[in-house]
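Structure first, commentary second.
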Amino acid sequence: MDAEQLEYFRRILLEKKQEVEERVEQLKKGDIHTNKDDLYDDIDAASVDADHSLLFRIRGREAHLIKKINEALEQIDAGTYGICAECGEDINIERLKARPVAPLCIACKEEQEKIEKRKGR
């Protein structure tokens, strides 16, 4: 991958990271801080619990995505971005455009998914 392509992906990754961080901040600002003693009934309490659970799951996913973005940025700095972590072959540029944090080429990702499916994940 040439320097121009690497800079393209660096920009994309940094923009995506900023978007995710902004979403996390929005989630924090809109976080639900309800005192369960103020709730009217069990249904209200269940609704608040479900909302909290959803917020935690979203935050977890966003944190995982930020971690993957940071790893991809480190790979750009190390000169290993776009190289499959499994087989060492180049990852197709179109795949990276669709998923800039992809650590695996399509063939290795498909194989990983087959193994996970066999294990029931």
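The values are calculated or read from the model by the stated rules, or taken from the named source; none is laboratory data. Everything numeric here is computed off the predicted structure, so don't read it as measured data. Keep in mind that these areas ignore ligands, DNA and RNA; they rest on the heavy atoms of the full protein, side chains included. Shrake-Rupley method; radii C 1.70, N 1.55, O 1.52, S 1.80 Å.
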What are the residues in region 20-59 that are open to solvent by 90 Å² or more (accessible area, probe 1.4 Å) and modelled with pLDDT of 70 or more, if any? 22, 23, 26, 28, 29, 56, 57
Residues located in region 86-121, provided they are open to solvent by less than 80 Å² (accessible area, probe 1.4 Å) and not in a helix (DSSP H, G or I): 87, 88, 91, 100, 101, 102, 103, 104, 105, 120
